[in-house]
1. Given V49, V55, which one is touching a residue at least 24 places away in the same chain (Cβ under 8 Å), touching a Lys or Arg at 6+ places or on another chain (Cβ under 9 Å) and of a type in the set (A, V, I, L, M)?
2. Those residues that are of a type outside the set (S, T, N, Q) and exposed (fewer than 10 other Cβ atoms within 10 Å of the Cβ), I need them from segment 14-32; list them, please.
3. Which ones in segment 3-32 are at pLDDT below 85 and among the acidic types (D, E)?
4. Filter segment 50-79 for residues that are assigned to a strand (DSSP E or B) and closer than 15 Å to C31 by Cβ and give the result.
5. For segment 33-54, how many residues meet the condition of being of a type in the set (D, E, K, R) and modelled with pLDDT under 90?
6. Got a number for residues in segment 55-79 being small (G, A, S) and modelled with pLDDT of 90 or more?
Amino acid sequence: MQIFTEVAGAPAFSSTPPVIRRLLADLGITCREVRDHPGLNPGCKVQAVLLEDSVGVLMVLFAQSHLLDLNRLADLTGR
């Protein structure tokens, strides 16, 4: 699998990259962006990763309090 990265300037408020917002909108997934603060539960923070293989692009959303297990992901998706 190949990992996509998007490079952009680091604004004072880090916002969701446009490619992620576009993919979520295309899938009909609504989300709300909030500023990070020390009291925010890591289990409520979502991390997005775009992966590509011979089948196409796969967007994985998971809690920042978790690690992404690529072997388990391959088992679940059959990719």
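The values are calculated or read from the model by the stated rules, or taken from the named source; none is laboratory data. Everything numeric in this text was worked out from a predicted model, so none of it was measured. Neighbour counts run over all protein chains shown; Cβ positions are idealised from the backbone, glycine included.
1. Just a single option satisfies the conditions, and that option is V55.
2. Going residue by residue through segment 14-32, those that are of a type outside the set (S, T, N, Q) are 17-29, 31-32.
Across segment 14-32, the qualifying residues are D26, L27, G28, R32.
3. Result: E6, single match.
4. M59, V60, L61, F62, A63
5. Qualifying residue count, segment 33-54: 4.
6. Going residue by residue through segment 55-79, those that are small (G, A, S) are 56, 63, 65, 74, 78.
Checking the rest, the ones that are also modelled with pLDDT of 90 or more come to 56, 74, 78.
Number of matching residues: 3.
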